[in-house]
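The structure appears right after this line, and notes come after that.
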Amino acid sequence: MNRALAALGALSGFVAVAAGAFGAHALRARLDPALLAVFETGVRYQMYHALAVLLSAALDAHRPAPLTRAAGWCFLCGTVIFSGSLYALALTGLRILGAVTPLGGLLFLAGWATLILSFARRS
């Protein structure tokens, strides 16, 4: 198993829970509701993809495959770009940061497509 992938997936889940708590308690009174919604979208997608990273790592532990690992890394990189840009946008209000968010979304899609291909090749 790719232990680094598993550890980073778990760390991403931890950060998602911490960011969610931060948003719910510290930001609710400070952010405009629209920006709080942006922040919460970042948290939600981070948690979804933290679980996807852990799934990729578990699949790789069961039956090692380069595509499975690649999917996990796409999910991680997508999280940094997608959720990271949404967090930065919500906290700074700089709308230009939203321009990089779709790149993270493309990495999420690439991760899911790679995982599909990995499953197809295992059959």
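A search for C-beta distances below 8 Å between a residue of segment 51-74 that is outside any helix (DSSP H, G or I) and any residue that is surrounded by 17 or more Cβ atoms within 10 Å (Cβ to Cβ) and of a type in the set (Gly, Ala, Ser), counting only pairs 6+ apart in sequence or on different chains, returns Ala65/Ser118. Consider Leu115 carefully, then state whether it is free of Cβ contacts under 8 Å to residues at least 40 places away in the same chain, in a helix (DSSP H, G or I) and farther than 30 Å from Arg30 by Cα. No, not satisfied. Given the criteria crowded, with 21+ Cβ neighbours inside 10 Å and at pLDDT below 95, does Leu59 qualify? Taking the combined requirement at face value, the residue satisfies it. On the stretch given as segment 22-43, residues that are under 30 Å from Arg3 (Cα atoms) and out of contact with any helix residue (DSSP H, G or I) (no Cβ under 8 Å at 6 or more places or on another chain) total 1. Of all residues in segment 82-112, those satisfying the criterion of being over 23 Å from Ala26 (Cα atoms) and either charged (D, E, K, R) or buried (at least 18 other Cβ atoms within 10 Å of the Cβ) (or both) are Thr101, Gly104, Leu107, Phe108, Gly111.
The values are calculated or read from the model by the stated rules, or taken from the named source; none is laboratory data. These figures come from a predicted structure and were not determined experimentally. When we count neighbours, we look across all protein chains shown, and the Cβ atoms used for this are built from the backbone with ideal geometry, even at glycine.
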